[in-house]
Amino acid sequence: MTDRVIIMSSKLEEEGYRLTAARLAILAGLIDSEGHVSADKLVDIVRQNHPGVGRMTVYRTLDLLTELGLIRPVYQGSAAAHYVLMDNGHHHHLVCSQCNQVIEFDQCVLREIEQAVSSHYRFEIHGHLLEIYGRCQACQD
Ligand SMILES: [Zn+2]
Ligand SMILES: [Zn+2]
Ligand SMILES: [Zn+2]
């Protein structure tokens, strides 16, 4: 198990959920695919090593992980949702509207804004998912 699987699974335990083999396999599958994966694709990935894991178990676990703030579904166009990892509290994308390429970036400028809106609205913040749309360098040529 990678550190990231251990960190995410300890969050499940903290919230009182049992660490079943299926849940661990699903977490590992999400992390191995860098969290950019649809539910159906994740079913395929998990079943490569754990053929007994049912489709509904994967769906329910994705709902649970979303509820706990560890992942978020991202909807792009009419395709099925992709799940992205939110275990470190934030996730940022540049999305090219022309070729649909998604570029990850780490620079975060939202922490200050989070603090400001948190105190203004008395809102308890758990994280953010930022998507910036436009045209990538290749599509501008
Ligand atoms: Zn592009
Ligand atoms: Zn991403
Ligand atoms: Zn951020």
Number of positions in region 86-103 that are in a loop (DSSP other than H, G, I, E, B) and within 16 Å of ligand 3 (Cβ to nearest atom): 4
Extreme residue, farthest from ligand 1 (Cβ to nearest atom), among residues of region 104-141 that are surrounded by 13 or more Cβ atoms within 10 Å (Cβ to Cβ) and in a loop (DSSP other than H, G, I, E, B): I125
Residues located in region 60-99, provided they are aromatic (F, W, Y) and exposed (fewer than 15 other Cβ atoms within 10 Å of the Cβ): Y75
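Okay, residues lined up against (1) within 14 Å of ligand 2 (Cβ to nearest atom); (2) of a type in the set (K, R); (3) within 15 Å of the chain's Cα centre (by Cα); (4) assigned by TED's automatic domain parsing to the domain that holds L130:
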{"site": "A81", "(1), (2), (3), (4)": "yes, no, yes, no"}
{"site": "V95", "(1), (2), (3), (4)": "yes, no, no, yes"}
{"site": "N100", "(1), (2), (3), (4)": "yes, no, no, yes"}
{"site": "E104", "(1), (2), (3), (4)": "yes, no, yes, yes"}
Positions within region 83-103 being more than 16 Å from ligand 1 (Cβ to nearest atom) and modelled with pLDDT of 90 or more, in sequence order: Y83, V84, L85, M86, H90, H91, H92
Residue within region 54-62 that is assigned to a strand (DSSP E or B) and within 10 Å of the chain's Cα centre (by Cα) present: no
Tally of residues being farther than 26 Å from H126 by Cα and surrounded by fewer than 18 Cβ atoms within 10 Å (Cβ to Cβ) across region 23-59: 12
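The values are calculated or read from the model by the stated rules, or taken from the named source; none is laboratory data. Quantities reported herein were computed from a predicted structural model and do not represent experimental measurements. When we count neighbours, we look across all protein chains shown, and the Cβ atoms used for this are built from the backbone with ideal geometry, even at glycine.
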